[in-house]
Each structure stands twice: as structure tokens, then as C-alpha cells.
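Below is one structure; the comments refer to it alone.
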Amino acid sequence: MKKPHIVILGAGYGGMMTAAKLQKSMKANEAVITLVNNNDYHYQTTWLHENAAGTLHHERTKIKIKDVIDSRKIELVLDEVICIKPEEKLVKLAKQELTYDYLVIGLGFEPATFGIPGLEENSFSIGNINNARAIREHLDYNFASYHNESEKNAARLNIVIGGGGFTGIEFAGELANRIPQLCKEYDIEKTQVRLIVLEGASTVLPGFDEKLVAYAMNSLASRGVEFINEALLKECNRDSIVFEKDGKRRELPTMTTIWAAGVRANTVVEKSGFMTNSGKVKVQSDMSTPDFDNVFVIGDCSLILDHDTGIPLPSTAQIAIQQAEIVAHNVKAKVRGWKLKTFVPNLLGTIASLGNDDAIAVVSGRRLFGWKASVMKKMSDNHYLLKLGGLGLLMRKGKFNFFY
Ligand SMILES: Cc1cc2nc3c(=O)[nH]c(=O)nc-3n(C[C@H](O)[C@H](O)[C@H](O)COP(=O)(O)OP(=O)(O)OC[C@H]3O[C@@H](n4cnc5c(N)ncnc54)[C@H](O)[C@@H]3O)c2cc1C
């Protein structure tokens, strides 16, 4: 009898964890399993802001897929997903086509630039290893170029972070720590560098605990970060931005705009004709799509409403990993003719890093800040590595620099 074909798209938090769970729990003769990804490595998206700031080398963030996935049980296809044809149970890749019996979509997110003129062309976003590497190189290049030009250009040393949400604030924390090193390396006075967070709302980290937000702002401000709140980015050019504040348009010279104010689900999902809501598939309780019960969607491509508030759950690695465990079970259950499980999110807390040894967190209803929150964050990262690839992976890639 032909074995069912399970295809997993994307080796991010959701896809990798689904693959790792299926690899452990299914016998080789039960199904053919294929994992499709555009790189031969998995990366920890939640560390990318460190790679972008240059405080952590990107090799630390990358995990070779073959170090976790056993090629005797799961075939890795290195290719780009172009679109899915769910009626035909077919996935079009750049170099080939795959048919499937069960499909798991875990293609993550893309930046959303909301049609702001020039933003797509002239800004950076922190979305993958390539983007992060480009930001680090760009920062180095601008610092190195400053003294090389007869006419000093402030735009080279003004860095704007568009968006004071989690990604923007975490990046600001890392970069605030890196700037003194850059200044030393390129003989630049620290006072000549401006690191500005531009936020549309009246506060950064909107919706987060107010005392912790105040702590975060003080910590970042003490390291030179400037905040411009209630300001809307209107235009992004190669060497300036235009924003609106208090009804007035203002221009700021900068060659570095990091856009951290918007992401959307991977556009492959919408282009493939799935029923979407803001680009995401509103999944059923078993994580399958409403129209195709053999297609499961996880992570940032999926939409789940909070049971009590009706508000969409945030797109986080934490949720993607939890969903993967249920999806792995449900795909196996489909193959074995078992009952499917319902996904119930277990929101363990929220931690935002403010640099290597500083963070803010709300964990089990308790506020934490400073080194305690930072240790908590590293322990949570380490827990993921242990779960994904065991002690070996944890020892190779874990963060053990708890107190410095
Ligand atoms: C800087 C930053 C910090 C963050 N910090 C936190 C945090 O502290 N805690 C937290 O819970 N969440 C955090 N998040 C959010 C979290 O990273 C995402 O919610 C999570 O990565 C989503 O997981 P995923 O499995 O859906 O997709 P991803 O982890 O993004 O993985 C998607 C995978 O699909 C691959 N892929 C994409 N398109 C294609 C294609 N067309 N063809 C083939 N392969 C493709 C990608 O290469 C990648 O391997 C952070 C995000 C950022 C950017």
C-alpha cells in the first residue's frame, strides 16, 4: 500500500518542531515525510535583532537542519515555495512540484510596509539571517565611511527604528550596547550618533505593563536612545525620512531606517487562494483550514482568537511551538485514524530583551525586570533548544552568559 505523504513547508519554529515531533513519534513505514525550506538551516528568529545589531554572530543563530532532522526519516527539500494548490493537493516549488496527502504550512512572516512611499526600497527589516547580516554590514559601512568623506554627513550616524513594539525595542537595546563599540572602532564621538525610536502610539510597547514600559524607556534612554512618540512615518528616502508629529511634517536625515512596525503572514498563503483574514488563515480548533481538513497552518500564518477576549493571539514563537506539538499529533492521528486534538494555547508570559543583561517580563502574572528577566529569557531560549534537539544542541547553541 502506498504510504501517505506528509509535506511540511518552512523550517521555522512551527515547521521544525512539527518535523522533530513526527520524526520521534512515527515509524518509518507509516508515512513519507518531506520538509521544504529555502535554506539548509533553521534560524532562531527571536535572536535576529542581536545579529542585526552585531552583538551576536549569525552563525550562533543558525542551526543546520540535518543536525536535528534524520534524513532516513524525513527528506529535506531545499527550494522556494511559490504557491499551493489545495484542490490538487500540490505544492509548486521553484524547481519542482510536490504532491501531498497532508500538508503543514509554517512559512512565517514578511514585512508589511502599508504603502508608505519609499519604505520598501529604502528601509531594512529584521526578518531573516540575510536581512540581519545586511543591517550589521550597513551600520559598519556607514560608521567606516563617516571620516572618509570630506563633508561630514550626519545621515550616516542617525539611525531610525520605525516602530516601538517588541522587535523595535529589542533591537534598540542591542544596538544601544553596540554603538559604543562602533564609535571606538571608527573613531567617532558617541554624542554624534543618534538612535531614534519613532512610534505612532503615545507610548512604546503599547499594551504592556506600564511600570515595565517606564523601566524599559529609562534603561534605553540612559544608553542614548531617543523616543519620538505619536509620530507617523510618511516617507522613507535613501538619506532621510519624513514623519508627521503634532500635525507638522518633519524631515530627519538618515541612511538607516529599520522598519519594525509591521509584519504580515507570508504572502504565499493568500496567493494560494486560502480563505484569509489579514493574510492569515483562521484555523479550526484542530489547526486545520476551514476548507481543507488535510491542510494544517501553524505559527505566523495562522490566526487564532483568544477564547475569552476574541482578540487574535499575538504571533509569537511560543505559540508556533505549542501549535506544532498539536499539529504533529493531529497529522499522525489522521494517518492512524485516531481522534484529533484541540489546540489550547498556554500563554506562559512575555519577555522583551533590552540588551544582553537587561529585559522586562511578565511571567505567571509577575513583573520582572533587569538581570532576572534577562536570565528568564535565556532560559526560555535554552528550553526551546533542548526540546528541539536535546542536550547536544543545547550545549552547542545555548546561551549560558547569564550574568554578563
Ligand atoms: C527580532 C524578533 C524578535 C522576536 N522575539 C520574540 C520573542 O522574544 N518571543 C516570541 O515568542 N516571539 C518573538 N518573535 C516572533 C517570532 O519570531 C515569530 O512569531 C516566529 O518566528 C513565527 O514562527 P513560524 O514558525 O511561523 O515562522 P518562522 O520562524 O519565521 O519560520 C519560517 C520559515 O519558513 C521559511 N520560508 C519562508 N518563506 C519560504 C518560502 N517561500 N519557501 C521556502 N521556505 C520559506 C523561512 O526561511 C523560515 O525557515 C520575534 C520576532 C522578531 C523578528
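Values in this text are rule-based calculations from the coordinates and carry no lab data. In this text the structure is predicted, and so the values were computed from the model without any measurement. Note: ideal-geometry Cβ built from the backbone for every residue, glycine included; neighbour counts use all protein chains shown.
With the Cα gyration tensor of the chain giving a ≥ b ≥ c as the square roots of its eigenvalues, does the rule (a/c under 1.5 for rounded; else a/b larger than b/c for prolate; else oblate) give rounded, prolate or oblate?
On the way: a/c = 1.82, a/b = 1.74, b/c = 1.05.
It comes out prolate by the Cα gyration axes.
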Item to check | Protection proxy ranking, peptides 33-46, 322-335, 89-102, average beta carbon neighbours within 10 Å, highest first | outcome: 322-335, 33-46, 89-102
Checklist outcome for this item: Relative contact order in percent for the stretch 119-261 (Cα pairs under 8 Å, 6+ apart) equals 35
Checklist entry - For the stretch 310-379 and the stretch 55-84, what is the separation of their C-alpha centers, rounded to whole Å? => result 21
Checklist entry - In sequence order, what are the phi-derived ³J(HN,Hα) couplings for the stretch 50-58 according to the Karplus relation 6.51 cos²θ - 1.76 cosθ + 1.60 with θ = phi - 60°, rounded to whole Hz, with x for glycine and proline? => result 6, 5, 5, 6, x, 8, 9, 6, 5
Next on the checklist: Which residue, Ser364, Phe402, Leu340, has the largest displacement toward the positive end of the dipole of the stretch 264-404 when charges sit on each Cβ (Lys, Arg +1; Asp, Glu -1)?
Outcome noted: Phe402
Checklist entry - What is the set of long-range amide H partners of Ile241 at a cut-off below 5 Å, with H atoms built 1.01 Å from backbone N? => result Leu252, Thr254
Next on the checklist: Shape verdict for the stretch 155-266, please, from the Cα gyration tensor: rounded (a/c under 1.5), prolate (a/b greater than b/c) or oblate.
Outcome noted: oblate
Checklist entry - To the nearest 500 deg cm²/dmol, what mean residue ellipticity at 222 nm is calculated for the chain from DSSP H runs of n ≥ 4 alone, each contributing -39,500 (n - 2.57), summed and divided by the residues? => result -10000 deg cm²/dmol
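Let a ≥ b ≥ c be the square roots of the eigenvalues of the Cα gyration tensor of the stretch 19-99; is it rounded (a/c under 1.5), or, if not, prolate (a/b larger than b/c) or oblate? Could you put the intermediate results ahead of the total?
Details: a/c = 2.83, a/b = 1.50, b/c = 1.89.
Here the stretch 19-99 falls in the oblate category.
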Checklist entry - Hey, which of these cross-link pairs are over 18 Å Cα-Cα: Lys2/Lys27; Lys27/Lys95; Lys211/Lys372? => result Lys27/Lys95
Checklist entry - Where nothing but the Cβ of Lys and Arg (+1) and of Asp and Glu (-1) is charged, how large is the charge dipole of the stretch 119-261 around its Cα centre, in debye to the nearest 20? => result 180
